[in-house]
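Here is the structure we will look at, set down as structure tokens.
The values are calculated or read from the model by the stated rules, or taken from the named source; none is laboratory data. Just so it is clear, the structure is predicted and the values come from calculations on it, not from any experiment. Glycine also receives a Cβ, built like all others from the backbone with ideal geometry; neighbour counts cover every protein chain displayed. These accessible areas exclude ligands, DNA and RNA; they are computed on the full protein's heavy atoms, side chains included. Shrake-Rupley method; radii C 1.70, N 1.55, O 1.52, S 1.80 Å.
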Amino acid sequence: MPQSLVFALVHIIFSTKDRTPSITNPTDLHAYLATVARNLGCDCFRVGGTMDHVHLAVGLSRTITIADLISELKTSSSQWMKTQGASTFAWQRGYGAFTLGKSDLDALMRYIDNQEEHHRKIDFRDELRAILKRYGVEHDEQYVWD
């Protein structure tokens with residue numbers, strides 16, 4: 001095949017360090033994260049979250065790894081947040097990244113859009129536990145939270 005063709009939809013989740021509610025300008029941060037993803041050649045379908053974590057629905061470019069994408073998202077947005085007055089802002093060390101099919105995109109975008117409402121009923125830890133269970137990801141709780 002002379003071309004490299006890819007559709008890799010990834011649901012990305014990461015939290016602020018110690019889940020501190022330090023995302024005080026979520027609209028601007030979400031726009032910034034979407035721009036970073038797009039500048040790396042990815043399709044960013046949605047960014048959302050709460051004051052302590054973010055969710056992204058990203059179509060991964062064929063030229064970047066998930067780890068490199070997330071590293072760039074976290075590094076550049078952390079630096080950007082500091083220019084916005086959040087001098088102690090930091091992301092947690094880890095992340096969650098889960099692949100889905102194209103038919104799941106609309107449901108994922110709705111899920112991301114409804115984060116504020118969703119978190120009136122469930123906290124981030126319980127949400128992540130449920131996501132890990134849904135995707136069949138085995139994990140050790142002592143290494144999930146920092």
Open item on the list: When you check D113 against the structure, is it under 19 Å from V58 (Cα atoms), modelled with pLDDT of 90 or more, in contact with a Gly (Cβ under 7 Å, 6 or more places away or on another chain) and surrounded by 12 or more Cβ atoms within 10 Å (Cβ to Cβ), yes or no?
Closed with: yes
TODO: Only residues that are open to solvent by 90 Å² or more (accessible area, probe 1.4 Å), outside any helix (DSSP H, G or I) and under 17 Å from Y32 (Cα atoms): list them for the stretch 63-86, please.
DONE: Q84
Open item on the list: Go through (1) under 15 Å from the mean Cα position of the chain (by Cα); (2) in contact (Cβ under 8 Å) with a residue 12 or more places away in the chain; (3) at negative phi for G49 and report which single condition fails.
Closed with: (3)
Task: the stretch 87-126, residues that are assigned to a loop (DSSP other than H, G, I, E, B) and of a type in the set (S, T, N, Q) - done: S87, T88, Q92, N114
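Yes/no per residue for (1) modelled with pLDDT of 95 or more; (2) buried (at least 20 other Cβ atoms within 10 Å of the Cβ); (3) assigned to a strand (DSSP E or B):
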{"position": "Q3", "(1), (2), (3)": "no, no, no"}
{"position": "V6", "(1), (2), (3)": "no, no, no"}
{"position": "I12", "(1), (2), (3)": "yes, yes, yes"}
{"position": "D28", "(1), (2), (3)": "yes, no, no"}
{"position": "L33", "(1), (2), (3)": "yes, yes, no"}
{"position": "R38", "(1), (2), (3)": "yes, no, no"}
{"position": "R46", "(1), (2), (3)": "yes, no, yes"}
